[in-house]
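Q: Got a structure here, written out as C-alpha cells. Questions coming.
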Amino acid sequence: MILNEMRIENFEKMSREDQVLYLTENLRDIKDDLVEPGIEILIGSGETELAISLARDSGRIDRAVEIAVADGDYLWAALIAKKAGREEESVRLYREGLEYYVSEEKYGRAVSAAQALGLPYDEIDHLFEAGVRYERRMIDMDRVGYALESLAHSLNNALVGRDDEMAEGLRKAMAEERERIARQAAEDLDE
C-alpha cells in the first residue's frame with residue numbers, strides 16, 4: 001500500500017505486529033486519521049518513546065507530555081513543553097520530575113532536573129552525593145571481590161615465568177587494589 005493511500009480500514013486489517021512495523025517505518029508521515037490509533041498501538045506495544053514522538057510531531061503536545069509523564073519521563077515532558085513555548089509548564093514538570101526522581105532514587109535524572117531548574121550548586125551536589133551513596137549501597141561487594149580475585153588469578157597465570165619489572169609492578173598493583181577494596185568493604189560494613 002502506498003503511504004498516501006493508507007486508510008484506517010486497511011490499517012485496522014493489519015496484524016498488530018504489522019501495524020507497529022508500519023508506524024515505526026512511517027512515523028513522520030502518518031496520516032492524521034491514523035495518529036490517535038497509532039499512538040495507542042505504540043503504547044500498547046511498549047513503544048512509548050515512539051508514541052511520544054508521534055504525538056509531539058503531529059502537534060499533539062498535551063498528549064505527548066501526558067504519555068511522557070505517565071512513563072515517568074519528566075525530563076522529556078518538560079523539554080517538549082519548553083520547545084512548544086510553554087515555559088511555566090516546563091518548570092512545573094521539572095519540579096515534579098525532581099520530586100519523582102528523588103522518591104524513586106533516580107539521582108542522575110534528579111541532578112538533570114535540578115540543573116534545568118537552575119538550582120544552586122550545593123543542592124545539585126547534595127543530589128549527586130545521594131546518588132553516589134545509593135549506588136554504593138547497591139554494589140554487591142561479594143561479586144566485586146569474586147571478579148577481582150578471578151582477574152588476579154588470570155593475571156597471575158599470565159605472568160607465570162615472568163620476573164621482569166613490569167610483571168612485578170602488575171603483581172604489586174593487584175595486591176594494593178585487593179587491600180584497598182578489602183578496606184573499603186570493611187568501612188562500608190561499619191557505616
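Q: Confirm whether G38 is surrounded by 16 or more Cβ atoms within 10 Å (Cβ to Cβ) and more than 29 Å from Y107 (Cβ to Cβ).
A: Judged against the criteria, G38 is a match.
Q: Return yes when L75 is in contact (Cβ under 8 Å) with a residue 40 or more places away in the chain and in a helix (DSSP H, G or I) and no when it is not.
A: It is true that L75 is in contact (Cβ under 8 Å) with a residue 40 or more places away in the chain and in a helix (DSSP H, G or I).
Q: If you don't mind, another one. Which residues, taken from the range 134-143, are among the charged types (D, E, K, R) and either within 19 Å of the chain's Cα centre (by Cα) or modelled with pLDDT under 75 (or both)?
A: Passing the criteria: E135, R136, D140, D142, R143.
Q: Right, something else. Say whether the condition of being in a helix (DSSP H, G or I), buried (at least 20 other Cβ atoms within 10 Å of the Cβ) and touching a Gly at 6+ places or on another chain (Cβ under 9 Å) is met by at least one residue in the range 51-70.
A: yes
Q: Can you tell me which residue is nearest to the chain's Cα centre (by Cα) among those in the range 1-35 that are among the basic types (K, R), surrounded by fewer than 13 Cβ atoms within 10 Å (Cβ to Cβ) and at pLDDT 80 or above?
A: R28
Q: Among the numbered conditions (1) acidic (D, E); (2) over 28 Å from Y134 (Cβ atoms); (3) in the same structural domain as G118 (by TED's automatic domain parsing), tell me where D32 comes up short.
A: If we test D32 against (1) acidic (D, E); (2) over 28 Å from Y134 (Cβ atoms); (3) in the same structural domain as G118 (by TED's automatic domain parsing), just (3) comes out false.
Q: Taking the range 92-112 on its own, how many of its residues are assigned to a helix (DSSP H, G or I) and either among the β-branched types (V, I, T) or surrounded by fewer than 16 Cβ atoms within 10 Å (Cβ to Cβ) (or both)?
A: Residues meeting the conditions: 7.
The values are calculated or read from the model by the stated rules, or taken from the named source; none is laboratory data. These figures come from a predicted structure and were not determined experimentally. Cβ sites come from the backbone with ideal geometry, for glycine too, and all protein chains shown count toward neighbours.
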